[in-house]
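Notes follow the structure.
The values are calculated or read from the model by the stated rules, or taken from the named source; none is laboratory data. The model shown is predicted, which means the values in this text are computed figures rather than measured ones. Neighbour counts run over all protein chains shown; Cβ positions are idealised from the backbone, glycine included. The accessibility values were calculated without ligands, DNA or RNA, using every heavy atom of the protein model including side chains. Shrake-Rupley method; radii C 1.70, N 1.55, O 1.52, S 1.80 Å.
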Amino acid sequence: MPIDAAGALAAAPRVREIAWNHKDVQLYHLGIGAGRPATDPAELRYTLESRLHVLPSFAAVAGGGTPGVIGALSAPGVDVDLAHVLHGGQSLRLHRPVPVRGRASAASRVVAVYDKGTAAVLVLRTDVSDADGPLWTDEAEVFVRGEGGWGGERGPSGRPSPPPAEPPDHVVERALREDQALLYRLSGDWNPLHADPEFAARAGFERPVLHGLCTYGATLKAVVDTLLDGDVTRVREYRTRFAGVVYPGETLRVRMWLPAGSENGGPDETDESSKNRETSKNRETKEAKEAKETKETQKTKEARVAVSAVERDDAPALAGTVVRYA
């Protein structure tokens with residue numbers, strides 16, 4: 001059997017050392033569509049080394065090694081045809097902002113193998129830490145057609161929740177370059193599905209498709225620029241499911257729903273007034289107030305996002321997408 005679920009789950013984490021610098025970050029940002037217009041100060045934060053900050057989704061390619069979706073296929077107990085593989089979902093949890101340059105240890109292991117009957121789903125978790133402690137944790141969900149049916153655990157439903165019924169608070173469109181996939185793959189994902197027309201045809205696509213993680217990065221950038229005024233350090237978690245393909249040259253439509261009671265990701269007025277309220281009858285001690293303020297600072301909000309391809313009648317691209325932020 002190509003997938004030995006017990007063997008994959010029992011295998012020890014594979015640990016590798018990774019390193020990156022400003023060139024890797026800049027290349028990644030260009031690969032997801034940053035830098036247009038080239039002289040826009042908001043874009044220079046992604047492209048100019050003297051102003052550079054790191055979009056958290058860079059974590060998916062930091063170190064330039066095998067991306068998670070491919071790494072899961074080289075895990076012990078896994079031997080499948082790359083043409084049968086789809087990237088089902090991706091999640092990221094930030095412990096600290098990603099630095100412009102760094103050296104860290106990445107420990108990866110398969111943490112779940114699900115039997116969907118006609119397919120198998122592998123979940124590869126990677127924990128990354130540097131000398132100062134944990135940096136981020138990401139999980140790649142890999143869907144392998146034709147590899148289910150061994151009677152294993154079915155796992156959670158892969159069906160993402162629908163977007164909210166009410167109109168979105170923000171809608172932005174991001175045009176992709178014709179060579180977007182060719183540029184993005186320079187960050188380390190060399191899967192020929194994204195460049196070779198013959199391989200794409202063998203996998204059932206009319207032409208090479210864009211990397212799901214490229215759409216993933218472009219979407220987070222749209223959310224950060226629109227809701228967080230470009231402040232990448234406010235992102236705490238980001239997760240999505242890949243609902244359909246995107247082709248290079250298409251336009252992404254990104255719809256965003258803000259959490260109730262907030263505006264543009266700013267602090268809720270009711271929270272702020274509540275935090276500052278004191279009464280003479282029940283006055284808090286200095287220590288209690290400081291603890292409360294710390295708790296308020298650590299609170300996060302959650303924006304829901306849906307992404308579609310404009311040119312194909314808003315064909316779904318990302319679904320069940322959530323960005324949690326401070």
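Within segment 217-232, residues that are more than 16 Å from Glu302 (Cα to Cα) sit with their Cβ atoms under 8 Å from residues that are part of a helix (DSSP H, G or I) and open to solvent by less than 10 Å² (accessible area, probe 1.4 Å), at 6+ positions apart or across chains, in these pairs: Gly217/Tyr28; Gly217/Gly31; Gly217/Ser57; Gly217/Phe58; Gly230/Val224.
Report whether or not Glu147 is within 30 Å of Ser105 (Cα to Cα), surrounded by 20 or more Cβ atoms within 10 Å (Cβ to Cβ) and not aliphatic (A, V, I, L, M). Answer is no for this residue.
Can you find even one residue in segment 136-143 that is open to solvent by 10 Å² or more (accessible area, probe 1.4 Å), modelled with pLDDT under 90 and of a type in the set (Phe, Trp, Tyr)?
Residues of segment 136-143 open to solvent by 10 Å² or more (accessible area, probe 1.4 Å): 137-139, 141, 143.
Retained after the next criterion (residues that are modelled with pLDDT under 90): 143.
Cutting the leftovers down to of a type in the set (Phe, Trp, Tyr) gives us 143.
Checking segment 136-143: at least one residue is open to solvent by 10 Å² or more (accessible area, probe 1.4 Å), modelled with pLDDT under 90 and of a type in the set (Phe, Trp, Tyr).
Pairs meeting the criteria (first residue in segment 104-130 and at positive phi, second residue surrounded by fewer than 23 Cβ atoms within 10 Å (Cβ to Cβ), beta carbons under 7 Å, at least 6 apart or on different chains) are Gly117/Gly148; Gly117/Gly149. Arg207 meets the conditions (1) farther than 21 Å from Val121 by Cβ; (2) of a type in the set (Lys, Arg); (3) under 17 Å from the mean Cα position of the chain (by Cα) in every case but one. The failed one is (3).
Hey, could you check segment 10-24 for residues that are part of a helix (DSSP H, G or I) and open to solvent by 70 Å² or more (accessible area, probe 1.4 Å) and say which is modelled with the highest pLDDT? Even if it seems obvious, please write down each step before you answer.
Let us first name the residues in segment 10-24 that are part of a helix (DSSP H, G or I), namely 10, 22-24.
Filter again for open to solvent by 70 Å² or more (accessible area, probe 1.4 Å), leaving 10, 23.
Details: Ala10: 89, Lys23: 97.
Selected residue: Lys23.
Filtering segment 25-44 for residues that are more than 25 Å from Cys214 (Cβ to Cβ), outside any helix (DSSP H, G or I), out of contact with any Phe, Trp or Tyr (no Cβ under 6 Å at 6 or more places or on another chain) and among the charged types (D, E, K, R) leaves an empty set.
Is there a residue being at pLDDT 95 or above, surrounded by fewer than 16 Cβ atoms within 10 Å (Cβ to Cβ), assigned to a helix (DSSP H, G or I) and out of contact with any Leu (no Cβ under 6 Å at 6 or more places or on another chain) anywhere in segment 46-54? Checking segment 46-54: at least one residue is at pLDDT 95 or above, surrounded by fewer than 16 Cβ atoms within 10 Å (Cβ to Cβ), assigned to a helix (DSSP H, G or I) and out of contact with any Leu (no Cβ under 6 Å at 6 or more places or on another chain). Within segment 215-260, being open to solvent by 40 Å² or more (accessible area, probe 1.4 Å) and on the phi > 0 side of the Ramachandran plot holds for one residue alone: Asp229.
Among Glu311, Glu278, Glu284, Glu263, which is the only one that is at pLDDT 50 or above and outside any helix (DSSP H, G or I)?
Numbers: Glu311 fails: outside any helix (DSSP H, G or I); Glu278 fails: at pLDDT 50 or above; Glu284 fails: at pLDDT 50 or above.
None of the other options fit; the residue is Glu263.
With the structure loaded, tell me whether Val121 is buried (at least 16 other Cβ atoms within 10 Å of the Cβ) and within 18 Å of Arg241 (Cα to Cα) or whether it fails that test. Yes.
Among Asp4, Asp40, which is of a type in the set (Asp, Glu), over 21 Å from the mean Cα position of the chain (by Cα) and at pLDDT 95 or above?
On the way: Asp4 fails: at pLDDT 95 or above.
On inspection, the qualifying residue turns out to be Asp40.
From the list Pro192, Pro162, which residue is open to solvent by 50 Å² or more (accessible area, probe 1.4 Å) and at pLDDT below 95? Unique residue meeting the criteria: Pro162. Restricted to segment 86-200, the set of strands (runs of 3 or more DSSP E) holding at least 3 residues that are under 22 Å from Val307 (Cα atoms) comprises 133-145, 170-175.
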